[in-house]
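Structure record follows, encoded as structure tokens.
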Amino acid sequence: MTLLLAVLLPFAGAALIAWIARFGRSATAWAAGAITLGSLALLAPLFPLPFAGETLIQQQDWMPALGLNLAFRFDGLALLFAGLILGIGLLIVLYARYYLSERDSMGRFYAYLLLFMGSMLGIVLSENLIQLLIFWELTSLSSFLLISYWQHREEARHGARMALAVTGMGGFALLGGVLLLGHMVGSYELSDVFASAGLIRAHPLYVPTLALILLGVFTKSAQFPFHFWLPHAMAAPTPVSAYLHSATMVKAGVFLLARLWPALSGTPEWFWLVSGAGLATLLLGAYVALFKHDLKGLLAYSTISHLGLITLLFGLSTPLAAVAGVFHIINHATFKASLFMAAGIIDHEAGTRDMRRLSGLWRFMPYTATLAMVAAAAMAGVPLLNGFLSKEMFFAEAAHIGQGHVGGWLLPVLVTLAGAFAVAYSIRFIHDVFFNGEPGDLPKTPHEPPRWMKLPVEILVVLCLAVGVAPGLVVGPLLATAASSTLQAALPEYHLALWHGFNAALAMSALALVLGSLIYLARRPLFAWHERGLDRLDARVPFNALLNGLLALAGWLTRMLDTASLQRQAGLLILAALVLAGTPWLAGDTPLTGTRRGLPLDAVSLATALVLVGATLLTVRWRSERFVALITIGVVGLVVSLIFIKFSAPDLALTQLSVEIVTIVLLLLALYFLPAHDGAETGYGRIARDAALALLAGGGAAALAWAVLTRPYDTIAGYFLDNSKSGGGGTNVVNVILVDFRGYDTLGEITVLALAGLGIVAMLQNLNLPASTCDGAGRARDADAHPAIMATLTRLLLPLALLVAAFIFLRGHNQPGGGFIAGLVTAVALIVQYLANGAAWTHQRLSADSHPLLFCGLGIATLTGLGSWAFGHPFLTSTFGYMNWPLVGKFELASAMAFDLGVFLVVVGATLMILTGLGGVHRNDTQKGSR
Amino acid sequence: MDALLALVIGVLTAAGVFLALRPRTFPVVLGLTFLSYAVNLFLFVMGRLAVGVPPIVSETASAYTDPLPQALVLTAIVISFGMTAFVIVLALKARAELGNDHVDGLEHETDRHA
């Protein structure tokens, strides 16, 4: 449970922050910090476990039948990542407090940040792969919100959209990969996946699985050729970049590589795909980074390059390379986060991030400059800093792998070259900004940032130094436990030390430093050469072309399919249904009439049916005289309720009767705002065509009903009839089905009703309609809106009607009645008050707002359902008992009755809301008119 | 009797389809109401026709009709009301926004007395 809570806390916190934001900027930041600390504190007691070599797995059944469980895993790798996410997250919270300006909404920023933090925690702590995937998608979504935080900027919106499109596509591929993996293993639990590593690698589906999973990883971690979204995501506020591109978002991809390393690595396919993409990314990122004039652009490509380095290490498939990969994840997170923050400080205090305008800042901010220099040196891989150590391990592995292969010299040469470019762009970051002459025309006079804005950078830089000087002491145990849980095997022999003697790696490091300095010195001709050619390549162009192409295709398809005429669309729909249903019937040789004997016909039924058919035909005939049509359709509804009562459905008859009344009132109200006549219909051709369609549809429905009615059938009704009294405590089986057997469906249905009511209220807001002043025949409307006799009568009838409703409600469990019908009767009783006495009179006596009714109703129904959980039963299990009340006698009390009360309240609330809403339009209108 | 019910369902369906294909919003709403009647009746008769045997458990009753279609139809009736209300308000909204009550909201046309 602890792990689940630690993951859920930031999500709950995000909602809380949105509310706390009203108490000021500092309060918001404090709360965000406190929530982050809270998650950390929840995890803290578990920290010793991975160091003791234990893996903690916490499970909670969710949908066990589908193999979906809430399962969390806490091992070395999870510990490392959770530490990075929460630790650096805390620093970001502090930094952002000073970075964001007065105009930026603090609440929104911290709410998004916490959402993202929770999603990341979910990824790294997941044991179940499907669950991991859900959190994976959540990081894509929440990072979209973070990147587009400055919504008014076009590049922020575009950058966010691109990041979402690319990582979303990757997430989709990953879903496929994970499903295949689950198919192979038979389980989505990581422990099972690790245990079947051999089976996975030998499986015929291994290659597609690997390809799909790698698509997810590469898009998330910005690996070539999907790297292009990352630089565009730099439109985000700098704290976001510092968080997303150092410790979190992009690290989710390499995290998954590390997670699945034991299950997937070691095959030639893995080696070539992963290390190939890694190497290409490493080189490309390092090269492009040098030529970016924007500070954050440089850091973005440097991030891409370092991610390539980590990917390459995991691709090499040796245990030692994996250890180096994990180590570099730690180091990159620390120095890159501090560099991004430093870039943010420079931007904040100097007003620009363009290195062509920035220079000589050393004089203005020596302290920040010193911090940035140390961090940049770590990025370059200078000895005594953490970057040097993992880069040494990387070089050593590259040199080692190359040995004994044809062309094996190529890899060490290429990685040394990438190292040289890393040195060059690190020098540029420092020299161009802090030295290189006097500052140009800066928008602001630069100065040191506030005390607390520097603190996060200081902490990270001290960590870079500490790890660099005494790696074994500072990071040794953490690396050991993280690496061993990555490998799921014994650790290989390695030494965390500054000095390994004179070896190939040292030579490569030295070469990279020298070569990098030379490249930087030769930068001017290089820049000129780059800008003539390669700079024009922008991945955004093909991406946008692809996106626009897709949109154009969608538009074309829509235009092809949509004729913009509802009549034609609906006609086609009905025609298609007729063809699809009619063809197999005409082609088959099943007789229309079955063997079952029906009931004998009697004269009363025949007469009633004739009334119905007559009223229907009249409605169709008088459809343009709308008032007449409304009266005749009312007759149809009443006959339908007679049909229900004839064929043993008293509950349905009552429901139909009361619904009929509210429907007619509703349509009457609506008619007030609609033209009294139809316009002239164009063409008899269309009428003939529609009539043909209608006759075919009617004939089909009649044939189908006849075919079914003349055939014998099996029913599951016996179960409900047998168990209604004993299991549900009621003799009205229909009501017991509604509130007990199928209570869950009913809960859904009253929710739909409530939503319809709310939707209608929303649509009626600001509705401005011309009301008609005369009826269809041109007669003026009656000025006496509330006739005295009707008003008096309805007032007298109200208590009686409410009594009837209460009676229907109470007896509903055993006799025809129940919440639905009682609710409708109550609604009718109240609506009649509105009609007879006017809204003003009624609202003096009755609250105008029916929202509380809806929410109480839904609340009661849901709580009744949840209540059964408290007793260890499934949702909505009902219970009942009998008690003897004085005077009343033996009386049944069932929990289903509380549920029915919820149904009752929702029906009353929604009906009142709809009808008074529509009546309210009328009221506004007349008030306007009278003034 | 069964044939009569089948006929009734057919007539209601035909009226519903015909009205639903009209160009003005109000007849379309009437058409949808007819279709609701037809569908509800159709679902109801899936439990077959039976007279005088309501599904109320008692010691004197010898047989019961099928309660399950009734329970389904009961909620369907209430939901149909919600749907009808939603559609008619949508029609009002469309008339307010577009100035006429054509289902496609024809822009060149305004009501005679709007």
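Checking an interface number: how much accessible area is buried between B and A, summed over both chains, with a 1.4 Å probe, in Å² rounded to 100?
Its buried surface, counting both partners, is about 8500 Å².
Distance in nm between label sites at A:ALA788 and A:ARG451, each 7 Å beyond Cα in the beta-carbon direction?
Here the answer is 8.2 nm between the modelled labels.
Cα axis of helix B:2-20 to longest principal axis of chain B: angle in degrees, 0 to 90, nearest 10?
For helix B:2-20, the angle is close to 10 degrees.
Rounded to a whole number, what % of the accessible area of the protein assembly as shown do carbon and sulfur atoms account for, probe 1.4 Å?
Working: 29940 of 43240 Å².
Summing carbon and sulfur atoms, their accessible area is 69 percent of the total for the protein assembly as shown.
Based on Cβ point charges of +1 for Lys and Arg and -1 for Asp and Glu, what charge dipole magnitude is obtained for the protein assembly as shown about its Cα centre, in debye rounded to the nearest 20?
Around 1520 debye, computed over the protein assembly as shown.
Principal axis extents for region A:27-128, Cα atoms only, whole Å, descending order, please.
The Cα atoms of region A:27-128 stretch 50, 33, 17 Å along their principal axes.
Per Stokes-Einstein, at 20 °C and 1.002 mPa s, what whole-number D in µm² s⁻¹ belongs to the protein assembly as shown, with the Kirkwood radius over Cα pairs as the hydrodynamic radius?
For the chosen part, D equals 63 µm²/s.
I'd like the mean, over residues of A:687-693, of how many other protein chain beta carbons sit within 10 Å of each residue's own Cβ.
Across A:687-693, the average partner-chain Cβ count within 10 Å equals 3.
Give the value in nm², to one decimal: projected area of the alpha carbon convex hull of region A:203-272, averaged over all directions.
Value for region A:203-272: 4.9 nm².
Starting from the 7 Å offset along Cα-to-Cβ, what nm value, one decimal, do you get for the label separation of A:ALA507 and A:ALA528?
So the label points at A:ALA507 and A:ALA528 sit 3.6 nm apart.
What does the structure give for A:628-637 when I average, per residue, the other chain Cβ atoms found within 10 Å of the residue Cβ?
Mean shielding by partner chains, rounded to a whole number: 3.
Only sites in a loop by DSSP and with at most 12 other Cβ atoms within 10 Å count here; which chymotrypsin sites (Phe, Trp or Tyr not before Pro) in region A:669-776 make the cut?
Here the sparse-neighbourhood loop sites are A:TYR713.
Kirkwood hydrodynamic radius (Cα pairs, Å) of region B:11-66?
13.2
For region A:266-331, would you read off the P(r) tail past 18 Å as a percentage of all alpha carbon pairs?
Taking all Cα-Cα pairs of region A:266-331, the fraction more than 18 Å apart is 38 percent.
Would you kindly calculate the translational diffusion coefficient of region A:142-232, applying Stokes-Einstein with the Kirkwood radius from alpha carbon pairs, for 4 °C and a viscosity of 1.567 mPa s, and quote it in µm² s⁻¹ without decimals?
Result for D is 90 µm²/s.
Loop only by DSSP, 10 or fewer other Cβ within 10 Å of the Cβ. Give me the chymotrypsin sites (Phe, Trp or Tyr not before Pro) in region A:395-500 that pass, ordered by residue number.
Passing sites in region A:395-500 are A:TRP499.
Which of A:LYS296/A:LYS391; A:LYS296/A:LYS454; A:LYS391/A:LYS454 have a Cα-Cα distance over 21 Å?
A:LYS296/A:LYS391; A:LYS391/A:LYS454
Considering only protein heavy atoms, what is the solvent-accessible area of A:MET373 at a probe of 1.4 Å, reported in Å² to the nearest 10?
60
Using the scaling law 2.2 N^0.38 Å as the reference, what is the normalised Cα Rg of region A:624-743? All intermediate terms of the calculation are to be shown ahead of the outcome.
Details: Rg = 20.5 Å, N = 120, 2.2 N^0.38 = 13.6 Å.
Taking N as the residue count of region A:624-743, the ratio is 1.51.
Accessible area per residue for the protein assembly as shown in Å², computed with a 1.4 Å probe and the full protein assembly in place, what is it? Intermediate values should be presented prior to the final figure.
Details: 43240 Å² over 1045 residues.
Ligands and nucleic acids excluded, the figure is 41 Å² per residue.
Roughly how compact is region A:514-602, stated as its Cα Rg over 2.2 N^0.38 Å to two decimals? Present the calculation step by step, with values, prior to reporting the outcome.
Details: Rg = 33.9 Å, N = 89, 2.2 N^0.38 = 12.1 Å.
Working it through for region A:514-602, the quotient is 2.80.
Please average, across the residues of A:650-658, the number of beta carbons from any other chain that are within 10 Å of each residue's own beta carbon, and give a whole number. Working shown, then result.
Numbers: counts 4, 9, 10, 0, 1, 9, 7, 0, 3.
Across the residues of A:650-658, the mean count of other-chain Cβ atoms within 10 Å is 5.
Tell me which lysines have Cα within less than 18 Å of A:LYS725's Cα, excluding those fewer than 8 residues away on the same chain?
A:LYS890
Mind ranking A:242-248, A:643-649, A:232-238 by how tightly packed they are, going by the mean number of other C-beta atoms within 10 angstrom, highest first?
Top of the packing list down: A:242-248, A:232-238, A:643-649.
Apply the a/c threshold of 1.5 to the C-alpha gyration tensor of region A:218-310 and tell me whether it is rounded, prolate or oblate.
On the way: a/c = 2.91, a/b = 1.62, b/c = 1.80.
Oblate, because a/c is 1.5 or more while a/b does not exceed b/c.
Grab the Cα-Cα distance for A:LEU518 and A:ASP849, subtract it from 0.36 nm times how many residues apart they are, and report the gain in nm with one decimal. Mind showing how you got there, number by number?
On the way: separation 331, 0.36 × 331 = 119.16 nm, distance 7.65 nm.
Gain in length upon complete extension: 111.5 nm.
Do you know which residues of region A:804-841 lose at least 40 square angstrom of accessible area in the protein assembly compared with their chain on its own, with a 1.4 angstrom probe?
The answer is A:PHE820.
Measuring from a point 7 Å past the Cα of A:HIS183 along Cα-to-C-beta, which residues in region A:116-144 have an amide N at less than 20 Å?
The answer is A:129-134.
Would you work out if region A:340-472 is rounded, prolate or oblate? Take a ≥ b ≥ c from the square roots of the eigenvalues of the alpha-carbon gyration tensor; rounded if a/c is under 1.5, else prolate when a/b is larger than b/c, oblate otherwise.
It comes out oblate by the Cα gyration axes.
Where Rh is the Kirkwood radius over the Cα pairs of chain B, the temperature 25 °C and the viscosity 0.890 mPa s, what D in µm²/s does Stokes-Einstein return?
Stokes-Einstein gives a translational diffusion coefficient of 149 µm²/s.
The values are calculated or read from the model by the stated rules, or taken from the named source; none is laboratory data. Just so you know, these numbers come straight off a predicted model, no measurement behind them. Every residue, glycine as well, gets a Cβ built from its backbone with ideal geometry; the counts of neighbours run over all protein chains shown. Please note that ligands, DNA and RNA were not included when accessible areas were found on the heavy atoms of the full protein model with its side chains. Shrake-Rupley method; radii C 1.70, N 1.55, O 1.52, S 1.80 Å.
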